[in-house]
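Accompanying notes for the structure given below.
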Amino acid sequence: MDVRIAQDWKEILCEEFSKPYFTELVEFVRAEYAAGEVFPKGRDIFRAFDKCPFEKLKVVIIGQDPYHGVGQANGLCFSVGEGVPFPPSLQNIFKEVNTDTGAPIPTSGNLDRWAEQGVLLLNAVLTVRAHQAASHAGRGWEQFTDAVVRAIATRKQGVVYMLWGSYAQRKGAIADPNNNLILKSVHPSPLSSYRGFFGCRHFSKANEYLASVGREQIVW
């Protein structure tokens, strides 16, 4: 199956694209886009990979599924398009970046700038029906993104994994803590952020680690 995705990711994941579950997933997703409003736009489904080629990857942040409000999802977890108000979790992420590193709260919630520096902003599920959270869960995306995390874990060392919340921590459990930096905290949502996300200092810790393994730090 010909999937439009960054070339190095395509070569790494080509076996996955030929598996029966992925064929069924593609059929389901096409039918969903034909039947109603689905996010992100079709051209942005694999945008996290296009913005962060495997060769550049330094940090992995795992989300659950795309924002389901109109105009929010842009293919990168936690990210929104230019001019879109920050959802609560993203507000809290920017607050922690500011407290941790001193970087000012940005005017845009578009995280392309992170992805282009080597941060893979990976949702576990890559599509969602409008206004219906987790509506595409259990259809095969999780199997695909498990394969993505597995490919990173087996092919790269010296990677920072930011695992926020129990869901992300389960998904990232395959990563070897002896050869990578595994950072864990509660999710940045308003329901849990005050129980350990604020003050986690993941952004400065990530940069300290990247410097220690001779890699360029992220401008958060």
Practice problem: Note down all Cβ pairs under 8 Å where the first residue falls in the stretch 199-217 and is touching a residue at least 24 places away in the same chain (Cβ under 8 Å), the second is among the hydrophobic types (A, V, I, L, M, F, W, C) and open to solvent by 60 Å² or more (accessible area, probe 1.4 Å), and they're at least six residues apart or on different chains. | Solution: none
Quiz item: Residue check: is Asn110 open to solvent by 10 Å² or more (accessible area, probe 1.4 Å) and in contact with a strand residue (DSSP E or B) (Cβ under 6 Å, 6 or more places away or on another chain)?
Solution: no
Self-check item: Selection within the stretch 172-191 - without any contact (Cβ under 8 Å) to a residue 60 or more places away in the chain and open to solvent by 20 Å² or more (accessible area, probe 1.4 Å)
Solution: Ala173, Ile174, Asp176, Pro177, Asn178, Asn179, Leu181, Ile182, Lys184, Val186, Leu191
Exercise. Name the one entry in Val148, Val119, Val80 that is within 15 Å of Ala206 (Cα to Cα) and within 13 Å of the chain's Cα centre (by Cα).
Key: Val119
Exercise. Select, from Asn98, Asn92, the only residue that is surrounded by fewer than 17 Cβ atoms within 10 Å (Cβ to Cβ) and assigned to a helix (DSSP H, G or I).
Key: Asn98
Practice problem: List every residue pair whose Cβ atoms lie under 7 Å apart, where the two residues are 6 or more positions apart in sequence or sit on different chains, the first residue falls within the stretch 119-143 and is within 29 Å of Glu55 (Cα to Cα), and the second residue, located anywhere, is open to solvent by 60 Å² or more (accessible area, probe 1.4 Å) and in a loop (DSSP other than H, G, I, E, B). | Solution: Asn123/Gln64; Ala124/Gln64; Val125/Gln64; Val128/His68
Quiz item: Do we find that Gln169 is surrounded by 14 or more Cβ atoms within 10 Å (Cβ to Cβ), over 20 Å from Gly75 (Cβ atoms) and at pLDDT 95 or above in this structure?
Solution: yes
Practice problem: Could you pull out every one of the helices (runs of 4 or more DSSP H) wholly within the stretch 1-83 that has 1 or more residues that are more than 30 Å from Glu216 (Cα to Cα) and open to solvent by 30 Å² or more (accessible area, probe 1.4 Å)? | Solution: 7-17, 20-35
Quiz item: Across the stretch 192-208, which residue is surrounded by the fewest Cβ atoms within 10 Å (Cβ to Cβ) among those that are in a loop (DSSP other than H, G, I, E, B) and in contact with a helix residue (DSSP H, G or I) (Cβ under 8 Å, 6 or more places away or on another chain)?
Solution: Gly199
Quiz item: Pick from His131, His187: which is farther than 20 Å from Leu111 by Cβ and in contact with a Gly (Cβ under 8 Å, 6 or more places away or on another chain)?
Solution: His131
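The values are calculated or read from the model by the stated rules, or taken from the named source; none is laboratory data. The structure presented is a predicted model; accordingly, all values stated were derived computationally and were not measured. Backbone-built Cβ (ideal geometry, glycine too); neighbour counts: all protein chains shown. Quick note on the areas: whole protein, heavy atoms, side chains included, nothing else; ligands and nucleic acids left out. Shrake-Rupley method; radii C 1.70, N 1.55, O 1.52, S 1.80 Å.
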